[in-house]
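K.L.:
This structure is in structure tokens; I'll ask about it shortly.
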Amino acid sequence: LDDVRTIARALGVSERGDRLVKLLSGRLGALRVLTSQALGHQVPRVAHLEWLAPLMGSGYWIAECVEAATCQMVHGSRGSHAQIIACPSQLSDADVIIIAPCGFGLERTHVELTTLGLLKTEEWCT
């Protein structure tokens, strides 16, 4: 969220940036409370895929959101670049896989998954 403040300052709207950071921080805090109540002491391992060909995990702010949900990010970390995942079997250490390609809606994601045949590979079926 520091980037929000930096950009707001550069645009001459520091107060708006501070308000947005406060709003987003509150939402992340609420997420932490909700998920910690729901999960108890469990810490699910989450893989978030931001690209399908090649398969790429996520980093940057996505990892921060996963951490806020009291989960552990696999194949990515806060502030780092997205990692290329050489084979779908590398996702086997995740309890949850979130498929959310950058810039794609549900329809485009479905088309891409179908076209690539990813969900029909042996790794996805086990």
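K.L.:
Give the percent of DSSP beta bridges with both residues in the chain that are antiparallel, rounded to the nearest 5.
P.N.:
Counting only bridges with both partners in the chain, antiparallel ones make up about 30 percent.
K.L.:
Identify the residues of region 52-76 with backbone N under 11 Å of a label point that sits 7 angstrom from the Cα of residue 45 along the Cα-to-Cβ direction, or state none.
P.N.:
Correct set: 72-75.
K.L.:
For the chain, report the accessible area per residue in Å² (1.4 Å probe, heavy atoms, rounded to an integer).
P.N.:
66 Å²
K.L.:
For a quick check: with amide H placed at 1.01 Å from N, whose amide H comes under 5 Å from residue 98's, ignoring anything fewer than 5 positions away on the same chain?
P.N.:
Residues meeting the amide H criterion: 47, 48, 49.
K.L.:
Once fully extended, how much extra length lies between residue 28 and residue 109, figured as 0.36 nm per residue of separation less the alpha-carbon to alpha-carbon distance?
P.N.:
Stretched fully, the residue 28-residue 109 segment lengthens by 26.5 nm.
K.L.:
Where the accessible area of the chain is counted over protein heavy atoms with a 1.4 Å probe, how much of it, in %, is carbon and sulfur?
P.N.:
In the chain, the share of accessible area belonging to carbon and sulfur is 59 percent.
K.L.:
Quick one: how many Å² of residue 87 are accessible to a 1.4 Å probe, rounded to 10?
P.N.:
We get 40 Å² for residue 87.
K.L.:
Where does the charge balance sit around residue 87 when Lys and Arg score +1, Asp and Glu -1, over other residues with C-beta under 12 Å from its C-beta?
P.N.:
After counting each charged neighbour, the total is -2.
K.L.:
Something else: Rank by packing, highest mean first: peptides 75-83, 108-116, 91-99, with packing defined as the count of other Cβ atoms within 10 Å averaged across residues.
P.N.:
Ranked from most to least packed, the peptides come out as 75-83, 91-99, 108-116.
K.L.:
What number in nm² do you get for region 82-126 if you take the convex hull of its Cα atoms and divide its surface by four?
P.N.:
3.6 nm²
K.L.:
Whole number please: convex hull volume per residue of the Cα set in region 13-126, in Å³?
P.N.:
Output value, Cα hull per residue: 125 Å³.
K.L.:
Would you mind working out the magnitude of the charge dipole of the chain relative to its Cα centre, with +1 at each Lys and Arg C-beta and -1 at each Asp and Glu C-beta, to the nearest 20 Debye?
P.N.:
480 debye
The values are calculated or read from the model by the stated rules, or taken from the named source; none is laboratory data. These numbers come from a predicted model, not from an experiment. Don't worry about glycine lacking a Cβ; one is built from the backbone with ideal geometry, like all the others, and counts go over all protein chains shown. For accessibility, only protein heavy atoms count, side chains too; no ligands or nucleic acids. Shrake-Rupley method; radii C 1.70, N 1.55, O 1.52, S 1.80 Å.
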